[in-house]
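Report on the following structure.
The values are calculated or read from the model by the stated rules, or taken from the named source; none is laboratory data. It should be emphasised that the depicted structure is a prediction, and the values quoted were computed from it without experimental measurement. Methodologically, a virtual Cβ is constructed for each residue, glycine included, from the backbone with ideal geometry; neighbour enumeration extends over all protein chains shown.
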Amino acid sequence: MQQLCPHGLSEQWLLGACGDIHWQLLARSLGQEGLRFKAADGRPLYAAFCATRLELTLSASLLGEEVTIHSNIAAASGPKVGSRHVFRHQGGVIGSLLMLSTFVAHDETGSNRRIVRALPSKSCTLPAADPDLMSLDRRARNTSRGLRGQSMQLANGARIEPSYSLDFNAVGLLYFPSFSRIAESVAQCPKPLMMREVVYLGNLDAGEALYVQRSGAETLIAAGDGRILAQVNEKRSF
């Protein structure tokens, strides 16, 4: 039941489950068993997602059915790592999820506003990412460059206060599936989701509010100072 929503596979469950698979594959590629990543100087590292793209097809009722997830991991541009997860039911593909991550750490302030990129103490060799992952990588980089230095007009956005116990993860960061949940909360669209692509640009500290602005199929999520934290694009069934 937790894997499903009224339209089929649950987006929130898929993001969390495949995020865990992504981290496990990454840990395995680094030759470690646990998911506690560290920099050369011993600082804790987190495999933070830069972008995700979920695609789903309309399918018959999946309640009581078996769905399998086939996953692989690859190297994208620079230090980024990508993974592809394909969902199959009765031999047919019913969806896929592309994920891109990079290692980050808190700086000396410990603030989620001051997340910096860092490298793990170990290195690994991965196969090159496929064209779909590289396309997502390019779009994410273009989005990041295009929105750099821009601010959202908060008067045009809906104010949302994330829940610390529900929307933040174990290391105190706003958990990446929460961005999709927040975007969906302002969509007010009953049509099934067919695609959602999220580019994650930043994070915020607990206790801060978010502002969400939707324009057609695009949603921007910003912090209270107008700093844009994510761009979300979606497609719905007709």
Q.
Every residue in segment 67-95 that is in contact with a Leu (Cβ under 8 Å, 6 or more places away or on another chain) and among the small types (Gly, Ala, Ser), please.
A. 71, 74, 75, 76, 82, 83, 95
Q) Of everything in segment 1-29 that's more than 19 Å from residue 83 (Cβ to Cβ) and among the aliphatic types (A, V, I, L, M), which residue is surrounded by the fewest Cβ atoms within 10 Å (Cβ to Cβ)? A) 1
**Q.** Residue list for segment 152-179, filter: in a loop (DSSP other than H, G, I, E, B), of a type in the set (A, V, I, L, M, F, W, C) and out of contact with any Gly (no Cβ under 9 Å at 6 or more places or on another chain)
**A.** 170, 171, 173
Q) Among strands (runs of 3 or more DSSP E) lying entirely in segment 45-151, which contain 3 or more residues that are surrounded by 15 or more Cβ atoms within 10 Å (Cβ to Cβ) and at pLDDT 95 or above? A) 67-75, 81-89, 92-106
Q: Determine whether residue 199 is under 18 Å from residue 18 (Cβ atoms) and touching a Ser or Thr at 6+ places or on another chain (Cβ under 7 Å).
A: yes
